[in-house]
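Taking it in order: structure first as structure tokens, then the write-up.
The values are calculated or read from the model by the stated rules, or taken from the named source; none is laboratory data. Worth saying up front: this structure is predicted, and the values here are computed from it rather than measured. Cβ placement follows ideal geometry from the backbone for every residue including glycine, while neighbour counts extend to all protein chains displayed. With ligands, DNA and RNA removed, areas are computed over all heavy atoms of the protein, side chains included. Shrake-Rupley method; radii C 1.70, N 1.55, O 1.52, S 1.80 Å.
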Amino acid sequence: MELKFFGGAQEVGRSAILLKDDRNLMLDFGIKLDHKTEYPTSIPKIDALVISHAHLDHSGFSPGIYNEVSVPAFGTMPTLSLSKLLLDDALNIAKKQHTQPKFHKRQIGAFANKYTSLEYGATTGFGDFDITLYDAGHITGSAITLVEKQHSKGNRRVLYTGDFKLSQQTLHKGAQIVESDVMITESTYALKKHPDRNSVISNLVAGIKETLSEGGTALLPVFAVGRSQEILSILYKNGLTGSTFVDGMAKKATTITLNYPRFISDPKLLENATNETTWIGEKNERRNALDGPSIIVTTSGMLNGGPVLDYITKINKNSKIFLTGYQVEGTNGRTLIEKGYITIDGEKRKISTPVSIHDLSAHADMDDILNYVKKSSPNKVICVHGDSNSAISLADRLTVEGFEAFAPKIGDTINID
Ligand SMILES: [Zn+2]
Ligand SMILES: [Zn+2]
């Protein structure tokens, strides 16, 4: 067996890892949303596809496979529903920006038609492979994939973490530990130690309360899938109810999430939170949300589009911006933090509203990754989904710990027999 990397190697984005054997299994097929959209380097011969979770850096180019070929796809049910939402949106954005997307709507349909949804813990056979998904604790429906194969030297267990979180979030339990022979792990935060989540939440809540008491708007730019549900639950749990508005795709994503209560640890909490929320449907309703004191939870998470750009230029002078997600280099979120400006329609806009950062990461940090690897106890560890610094540092650290570890580059092939 071999692994070949078409994306997501020494970078975050466009995850695409091919497990090559008698049959070729593609683990994720995503896009990288940078200044421009980047795709996996090519589309090799693929016999089946496994999607770890809905985020576009894992699912974003899956329709691209369904041009002439028609192969089975595996993942959880929420992953299909949430990916469809994000893929449709990606097509709409491309249309608005007059850019040519690399797939058509009918290919999203073909992908959905060939999709088999799996429950956590249930095994399905594909050729010589047995595929089992486990809870990754990252977002609703996110999965750690175990591929098992009978091998002349005994059973071979290949584990792909996708994005995972080892400790609990408000709506998700931590990732399930699965033993393996070869482990492919994300390394997004391999150089980081996340601060204590409870104190992050108390700081965030205190900051929002202060903003409200001054009659301002607390503006929370969020990713539609995952973070917006988590934030709504946190706000509700901490008594911040009655003045919360949700705009953009966060609404649809929350509705879909509520359709899969068994994939979240506290569905009642999310349901109560959404009942206390005012949904903004039309542009002209935004004025109500801007009438402080108010909390606005809206897309996009890195301020590269969506209603947040409208709000950010209109919130009153007592308002504050609360960032809770990773801001990729080159995005408005990053220039806002580092240089105090964002770019709207090609025009630089200085933003004087104070910004604070709250690390509510849905990813494992260095300690978590090391912990997971030790418990999974593989012979080989492959570090992906991290910039070159993070992936290489993780591989180095694991080597010191006695593992055979690699941080492959795009195009590399690793023998895992
Ligand atoms: Zn993700
Ligand atoms: Zn990811």
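Is there a residue being within 22 Å of PRO40 (Cα to Cα) and either part of a loop (DSSP other than H, G, I, E, B) or among the charged types (D, E, K, R) (or both) anywhere in segment 116-127? For segment 116-127, residues within 22 Å of PRO40 (Cα to Cα) and either part of a loop (DSSP other than H, G, I, E, B) or among the charged types (D, E, K, R) (or both): absent. Of all residues assigned to segment 91-102, none qualifies as being among the hydrophobic types (A, V, I, L, M, F, W, C), touching a residue at least 40 places away in the same chain (Cβ under 8 Å) and surrounded by 18 or more Cβ atoms within 10 Å (Cβ to Cβ).
Considering only segment 257-266, state which residues are surrounded by fewer than 16 Cβ atoms within 10 Å (Cβ to Cβ) and touching a helix residue (DSSP H, G or I) at 6+ places or on another chain (Cβ under 8 Å).
Of segment 257-266, the ones surrounded by fewer than 16 Cβ atoms within 10 Å (Cβ to Cβ) are 258-259, 261-262.
If the condition is that a residue be surrounded by fewer than 16 Cβ atoms within 10 Å (Cβ to Cβ) and touching a helix residue (DSSP H, G or I) at 6+ places or on another chain (Cβ under 8 Å), then LEU258, ASN259, PRO261 are the ones that fit.
Hey, can you tell me all the residues within segment 57-79 that are over 29 Å from ASP387 (Cβ atoms) and touching a Ser or Thr at 6+ places or on another chain (Cβ under 9 Å)?
Narrowing segment 57-79 to residues over 29 Å from ASP387 (Cβ atoms): 66-72, 77.
If the condition is that a residue be over 29 Å from ASP387 (Cβ atoms) and touching a Ser or Thr at 6+ places or on another chain (Cβ under 9 Å), then PRO72, MET77 are the ones that fit.
Out of VAL381, VAL373, VAL400, VAL355, which single residue is aliphatic (A, V, I, L, M) and open to solvent by 70 Å² or more (accessible area, probe 1.4 Å)?
Going through VAL381, VAL373, VAL400, VAL355 in turn, the sole match is VAL400.
The single condition from (1) surrounded by fewer than 19 Cβ atoms within 10 Å (Cβ to Cβ); (2) modelled with pLDDT under 95; (3) under 26 Å from the mean Cα position of the chain (by Cα) that GLU282 fails is (3). Applying the set (1) touching a residue at least 40 places away in the same chain (Cβ under 8 Å); (2) within 16 Å of ligand 1 (Cβ to nearest atom); (3) open to solvent by 10 Å² or more (accessible area, probe 1.4 Å) to ASP22 leaves exactly one unmet item: (2).
Taking segment 290-348 as the region of interest, how many residues are assigned to a helix (DSSP H, G or I), aliphatic (A, V, I, L, M) and surrounded by 17 or more Cβ atoms within 10 Å (Cβ to Cβ)? Show your work before the answer.
The initial filter retains those residues of segment 290-348 that are assigned to a helix (DSSP H, G or I), namely 290, 308-312, 332-339.
Filter again for aliphatic (A, V, I, L, M), leaving 290, 308-309, 312, 336-337.
Subset that is surrounded by 17 or more Cβ atoms within 10 Å (Cβ to Cβ): 290, 308-309, 312, 336.
Counting residues in segment 290-348 that are assigned to a helix (DSSP H, G or I), aliphatic (A, V, I, L, M) and surrounded by 17 or more Cβ atoms within 10 Å (Cβ to Cβ) gives 5.
Can you pull out the residues in segment 26-75 that are of a type in the set (Ser, Thr, Tyr) and away from ligand 2 (no atom under 16 Å from the Cβ)? THR41, SER42, TYR66, SER70, listed by residue number.
Considering every residue within segment 8-15, establish whether at least one is of a type in the set (Gly, Ala, Ser), away from ligand 1 (no atom under 16 Å from the Cβ) and either assigned by TED's automatic domain parsing to the domain that holds GLY75 or touching an Asp or Glu at 6+ places or on another chain (Cβ under 7 Å) (or both). Even if it seems obvious, please write down each step before you answer.
Step one: of segment 8-15, the residues of a type in the set (Gly, Ala, Ser) are 8-9, 13, 15.
Filter once more, keeping what is away from ligand 1 (no atom under 16 Å from the Cβ): 9.
So of that shortlist, the ones also either assigned by TED's automatic domain parsing to the domain that holds GLY75 or touching an Asp or Glu at 6+ places or on another chain (Cβ under 7 Å) (or both) come out as 9.
For segment 8-15, residues of a type in the set (Gly, Ala, Ser), away from ligand 1 (no atom under 16 Å from the Cβ) and either assigned by TED's automatic domain parsing to the domain that holds GLY75 or touching an Asp or Glu at 6+ places or on another chain (Cβ under 7 Å) (or both): present.
Every condition in (1) in contact with a strand residue (DSSP E or B) (Cβ under 8 Å, 6 or more places away or on another chain); (2) more than 17 Å from LEU191 (Cβ to Cβ) is met by VAL381 except one, and the failing one is (2). Among the conditions (1) outside any helix (DSSP H, G or I); (2) among the aliphatic types (A, V, I, L, M); (3) without any contact (Cβ under 8 Å) to a residue 24 or more places away in the chain, the only one that LEU360 does not satisfy is (3).
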